[in-house]
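Colleague: Before anything else, here's the structure in question.
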């Protein structure tokens with residue numbers, strides 16, 4: 001997370017992969033599933049949070065504070 005965006009916006013990973021979000025911004029962010037699969041809660045500036053994806057699928061997500069500003073992403077699990 002940097003510049004109020006997830007980078008990369010879309011990531012493709014294998015089943016069983018742990019994805020880590022690192023907050024490189026000065027503001028707190030979240031990684032929050034659009035469908036309620038996960039919510040990291042607040043990720044403070046300089047901190048990180050992880051989620052393990054054990055089921056194949058396409059998982060859209062957002063920062064609950066900045067989604068209206070376009071801070072959205074997608075994890076594709078194959």
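Only the coordinates and a few stated rules stand behind these numbers; no lab work does. Only a predicted model underlies this, so the values are computations on that prediction, with no experimental measurement involved. Note: ideal-geometry Cβ built from the backbone for every residue, glycine included; neighbour counts use all protein chains shown.
Colleague: Return the residues of region 1-22 that are within 10 Å of the chain's Cα centre (by Cα), outside any strand (DSSP E or B) and more than 21 Å from residue 78 (Cα to Cα); say none if nothing qualifies.
Modeller: 1
Colleague: Mind checking whether some residue in region 52-71 is outside any strand (DSSP E or B), at positive phi, in contact (Cβ under 8 Å) with a residue 60 or more places away in the chain and out of contact with any strand residue (DSSP E or B) (no Cβ under 6 Å at 6 or more places or on another chain)?
Modeller: There is at least one residue in region 52-71 that is outside any strand (DSSP E or B), at positive phi, in contact (Cβ under 8 Å) with a residue 60 or more places away in the chain and out of contact with any strand residue (DSSP E or B) (no Cβ under 6 Å at 6 or more places or on another chain).
Colleague: Sticking with this one: Going by what's in this entry, would residue 35 be described as over 13 Å from residue 66 (Cβ atoms), assigned to a strand (DSSP E or B) and touching a strand residue (DSSP E or B) at 6+ places or on another chain (Cβ under 9 Å)?
Modeller: So residue 35 does not fit the description; no.
Colleague: Which residues, taken from region 1-27, are closer than 13 Å to residue 63 by Cα and without any contact (Cβ under 8 Å) to a residue 24 or more places away in the chain?
Modeller: Within region 1-27, 2, 3, 7 qualify.
Colleague: Something else: Which members of region 63-72 meet the condition of being surrounded by fewer than 20 Cβ atoms within 10 Å (Cβ to Cβ) and under 10 Å from the mean Cα position of the chain (by Cα)?
Modeller: Passing the criteria: only 72.
Colleague: Counting just the residues of region 37-61 that are over 13 Å from the mean Cα position of the chain (by Cα) and more than 15 Å from residue 2 (Cβ to Cβ), which one comes out surrounded by the most Cβ atoms within 10 Å (Cβ to Cβ)?
Modeller: 57
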